[in-house]
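Q: What follows is a single structure, and I will ask about it in a moment.
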Amino acid sequence: MRARLNVVVGITGGIAAYKAVSVVRAFVLAGHDVHVVATENALRFVGRPTLEAISRNLVHSDLYDGVSEVRHVAIGQAADLIVVAPATANSIAKLAGGFADDLLGNTILASLAPVVIAPAMHAEMWQNPATVANIATLRGRGIVIVGPSVGQLTGADSGPGRMSEPEQIVAAAFASLTPQDLAGLRILITAGGTREPLDPVRFIGNRSSGRQGVALAQAAGARGAEVTLIAANLEVDPPASITVTHVRTSLELASAVGREAPSADVVIMAAAVADYRPDTVAQSKIKKETQGDVLDLRLIRNPDILAELSKHKSDGQVIIGFAAETEPDETKLLELGRVKIARKGADYLVVNRVGWSEGFSTFDNSVSIINASGTLVAKATGTKVSVANRILDLLSER
Ligand code: CTP
């Protein structure tokens, strides 16, 4: 969970201002303190009471209100993040020129916070060389531009110029606060638990929900990595922005990893892979009448994907495994990890205590990370996203 941020939402005078209400609401629902700074023209499109009710704060628009508290700079100085949605062609030109003739212009000039803008205008205006040059200027200053998307505009026309959807704007705004330290890295992550079929209706599985692997994918994506997720029977939805391949069994997982791993800089094996699978899979439901009181299952070993990856890894590729262990004693737990990493040959092993009420399906996790020589390099306890970030720190530390 992110700390409570002071978010300034700047709204300028375009028809897409009605969608800015959803942007404000999304920040409020995410637990942040939202201050709307609207231009006078924006308030022709969307009412002040609406914005005040949704933001739960007064809406500021006049440069000459609150002069005694030096409001024209105070709002910008206090902001952790400024999002301008919609940003009209005119407001983009003013921003590029550094104009301070209204409260929003002053707020942005007086702020050191990241600025994210969501342009919205007709296609001709977006493609006009003046706007193109202004956008390039803003990008050069580190301002994040979200969209615009291509689609139906206000009139009968369509093309580039439609404001991005509120959820995309909010996601880009949060990403702007996250260091892009993994940009350029291709990371392959496996998540979930494999299921080995016995017959058309039954399987042997495990209790992995996939939450830790999905948290890794989400955190790596937010830090700029190009993420591919191989998902085995997840209980949670992966982020829409991530490329996902769905698999069910260990053999399917092994072949998906075999396909994807050669082009990955980093492979993280967070999936709980079944070590054994039924020797034969019945083509129709196994019946009690034919089995009697005892049912013998013959299981055969699955390939060890992590060990194979480590054996064939390319130069510079980093392989991270997980170790799920039920050992309660911390020292013995780490010793099991050391034996496991020596056997599997990974670069790091995330040692994870699991049990009836630990590790699986929970929102929090507690791990110790050892390197190839068995040295403890990090410990992390907290939400699965914060644990994921600690694991990913190892990559940026390298
Ligand atoms: N793993 C794998 N292929 C397997 C079994 C496990 O790639 N057939 C990977 C897991 O994804 C994990 C690591 O190996 O990253 C360790 O998995 P774990 O279940 O803790 O260990 P095992 O090697 O299966 O050993 P054991 O079950 O005997 O503890």
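Q: Using a simple spin-label model with points 7 Å from Cα along the Cα→Cβ vector, what separation in nm is obtained for N57 and V281?
A: It is 5.6 nm.
Q: Under a plain spin-label model, where a point goes 7 Å from the Cα along Cα-to-Cβ, how far apart in nm are D296 and A3?
A: So the label points at D296 and A3 sit 6.4 nm apart.
Q: How would you order 342-353, 264-275 from highest to lowest mean count of nearby Cβ atoms within 10 Å? Don't skip to the end; give the middle numbers.
A: On the way: 342-353: 21.2, 264-275: 24.5.
Going from most to least packed, we get 264-275, 342-353.
Q: Please state the shape class of the chain: rounded when a/c is under 1.5, otherwise prolate if a/b exceeds b/c and oblate if not, all from the C-alpha gyration tensor.
A: Prolate shape, in that a/c is at least 1.5 and a/b is the bigger ratio.
Q: Can I ask one more? Count the DSSP beta bridges whose two residues both fall in segment 6-175, then state the antiparallel fraction as a percent rounded to the nearest 5. Each step should come with its number before you reach the end.
A: Numbers: 4 of 21 bridges.
Percent antiparallel among DSSP bridges in segment 6-175 is about 20.
Q: Towards the positive end of the charge dipole of the chain, with charges on Cβ (+1 Lys, Arg; -1 Asp, Glu), say which of G193, Q317, G151 has the farthest Cα.
A: Among G193, Q317, G151, the one farthest towards the positive end of the dipole of the chain is G193.
Q: Obtain the nm distance between the two label points defined at V377 and S357 by a simple spin-label model: each point lies 7 Å from its Cα along the Cα-to-C-beta direction.
A: Between V377 and S357, the label points sit 3.4 nm apart.
Q: Also, quick follow-up: Rounded to the nearest 0.05, what FRET efficiency is calculated for R25 and S366 with R0 set to 41 Å and r the Cβ-Cβ distance?
A: After rounding to 0.05, the efficiency reads 0.75.
Q: If I stretch the segment between S158 and E124 completely, what's the gain in nm (0.36 nm per residue apart, minus their alpha carbon distance), one decimal?
A: Between S158 and E124, full extension yields 11.2 nm more.
Q: On to the next question. Suppose R0 equals 51 Å; then what is the FRET efficiency for D304 and T50 from their Cβ-Cβ distance, rounded to the nearest 0.05? Walk me through the intermediate numbers first.
A: On the way: r = 59 Å, r/R0 = 1.15.
The computed FRET efficiency comes out at 0.30.
Q: In whole percent, what relative contact order does the chain give with Cα contacts below 8 Å and a gap of six or more residues?
A: Working: 839 pairs, mean separation 42.3, N = 398.
Value for the chain: 11 percent.
Q: Ok, one more. Kindly report the accessible area of segment 124-174 per residue (heavy atoms of protein chains, probe 1.4 Å, no ligands, DNA or RNA), in Å².
A: Averaged over the residues of segment 124-174, the accessible area is 53 Å².
Q: Which of the peptides 214-225, 19-30 is most tightly packed, and how do the rest follow, judged by the mean count of other Cβ atoms within 10 Å per residue?
A: Ranking, from highest mean packing down: 214-225, 19-30.
Q: Compute the distance from the alpha-carbon center of segment 244-263 to that of segment 343-391, in whole Å.
A: 22
Q: Could you sort 177-186, 248-257 so that the peptide with the highest average Cβ count within 10 Å comes first and the rest follow in order?
A: For the peptides 177-186, 248-257, the packing ranking is 248-257, 177-186.
Q: Suppose every K and R has +1 on its Cβ and every D and E has -1 on its Cβ; what is the size of the dipole of the chain about the Cα centre, in Debye to the nearest 20?
A: 480
Q: Right, something else. Give the percent of DSSP beta bridges with both residues in the chain that are antiparallel, rounded to the nearest 5.
A: 35
The values are calculated or read from the model by the stated rules, or taken from the named source; none is laboratory data. Keep in mind that this is a model prediction, so the values were computed, not measured. All Cβ positions, glycine included, derive from the backbone under ideal geometry; neighbour counts span all protein chains shown. In case anyone asks, the SASA skips ligands and DNA or RNA and just uses the protein heavy atoms, side chains included. Shrake-Rupley method; radii C 1.70, N 1.55, O 1.52, S 1.80 Å.
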